[in-house]
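This report concerns only the one structure given below.
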């Protein structure tokens, strides 16, 4: 097992707590501090073997790992161990844990910007809220996905999201998927975004990009096709929606909507 950062570099000094349990093994909790290579030293985990071999006994144990380091988000992982051996993931590979810090979600330009420190601070508070409250379930903010964009001469705070869902193309067309992603993901971030961030003068609104996937569920060889949806929303309209002064449809009508860079008009009803 090894621990790395967002760039794949080994992380020393990470506390990893591993809980092992199984039908024929006693639960055991193992603690370690990763070394310079980002690895935990070998830890001995004994199992009580059936020395008579009179019946078949499984010595497979499930492993739950929790990795923590100050300044980084706590990360969990799971795997298994056979007869106290190396802990592996479901594919049989050794477990790799990636620890992320809040600034990993900022674009390099926004992270280094001195002019947008107020925006940066608000974004970091917003990210903390959606992490702590688990606001996004099947969708995640992309690494490096929060930055500043321009559209038709106006500046926007850009957020890139990626949905983990694959939608059945036989039941939902691309427009249906766009409406679903707006309802299930984008709506959820607007309130914490407004509560934790006030866009300074010079910003017109929010540029939210979300990626969805679609494929035919009847074709076992079909590969998911990625679709990009982009919603450029005026900050005033977002604020009115958050304060329940306008509907979600009114917010969409006030926004520029793009699907794979083509202008569209989604109707929620």
### Task
Could you please find all residues in the range 237-269 being over 18 Å from residue 149 (Cα atoms) and part of a helix (DSSP H, G or I)?
237, 239, 240, 241, 242, 248, 249, 250, 251, 252, 253
### Query
Taking interchain pairs and intrachain pairs at least six residues apart, which have beta carbon atoms under 8 angstrom, with the first residue in the range 5-19 and on the phi > 0 side of the Ramachandran plot and the second surrounded by 13 or more Cβ atoms within 10 Å (Cβ to Cβ) and part of a loop (DSSP other than H, G, I, E, B)?
13/34; 13/69
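Rundown of residues vs (1) assigned to a loop (DSSP other than H, G, I, E, B); (2) within 20 Å of the chain's Cα centre (by Cα); (3) in contact (Cβ under 8 Å) with a residue 60 or more places away in the chain, yes/no style:
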| position | (1), (2), (3) |
| --- | --- |
| 71 | yes, yes, no |
| 76 | no, yes, no |
| 80 | no, no, no |
| 111 | no, yes, no |
| 115 | yes, no, no |
| 127 | no, yes, no |
| 140 | no, yes, no |
| 147 | no, yes, no |
| 163 | no, yes, no |
### Task
Being buried (at least 16 other Cβ atoms within 10 Å of the Cβ) and touching a helix residue (DSSP H, G or I) at 6+ places or on another chain (Cβ under 8 Å) is the filter; apply it to the range 166-187 and report the residue that is farthest from residue 150 (Cα to Cα).
167
### Query
assigned by TED's automatic domain parsing to the domain that holds residue 107 and within 28 Å of residue 121 (Cβ to Cβ), is that true of residue 199?
yes
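Against the definition (at pLDDT 95 or above and within 26 Å of the chain's Cα centre (by Cα)), how does residue 228 come out, yes or no?
Details: at pLDDT 95 or above: yes; within 26 Å of the chain's Cα centre (by Cα): yes.
The answer is yes for residue 228.
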## Note on the structure
Across the range 5-35, the tally of residues that are within 22 Å of residue 91 (Cα to Cα) and crowded, with 17+ Cβ neighbours inside 10 Å stands at 5
### Summary
Subset of the range 208-229, residues more than 11 Å from residue 166 (Cβ to Cβ), out of contact with any strand residue (DSSP E or B) (no Cβ under 7 Å at 6 or more places or on another chain) and touching a residue at least 40 places away in the same chain (Cβ under 8 Å), comes to 218
### Query
Can you find even one residue in the range 141-163 that is closer than 27 Å to residue 73 by Cα, assigned by TED's automatic domain parsing to the domain that holds residue 115, modelled with pLDDT under 95 and surrounded by fewer than 18 Cβ atoms within 10 Å (Cβ to Cβ)?
no
### Message
Quick check on my filter: what residues within the range 11-30 are over 19 Å from residue 64 (Cα atoms) and in contact with a strand residue (DSSP E or B) (Cβ under 6 Å, 6 or more places away or on another chain)?
### Response
11
### Query
How many of the residues making up the range 191-205 are free of Cβ contacts under 8 Å to residues at least 60 places away in the same chain, in contact with a strand residue (DSSP E or B) (Cβ under 8 Å, 6 or more places away or on another chain) and surrounded by 15 or more Cβ atoms within 10 Å (Cβ to Cβ)?
2
## Note on the structure
Looking across the range 22-59 at residues that are farther than 30 Å from residue 134 by Cβ and not in a loop (DSSP other than H, G, I, E, B), the single one that is modelled with the highest pLDDT is 26
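The values are calculated or read from the model by the stated rules, or taken from the named source; none is laboratory data. Please read all numbers here as calculations on a predicted model, not as lab measurements. Heads up, the Cβs are rebuilt from the backbone with ideal geometry, glycines too, and the neighbour counts pull from every protein chain shown.
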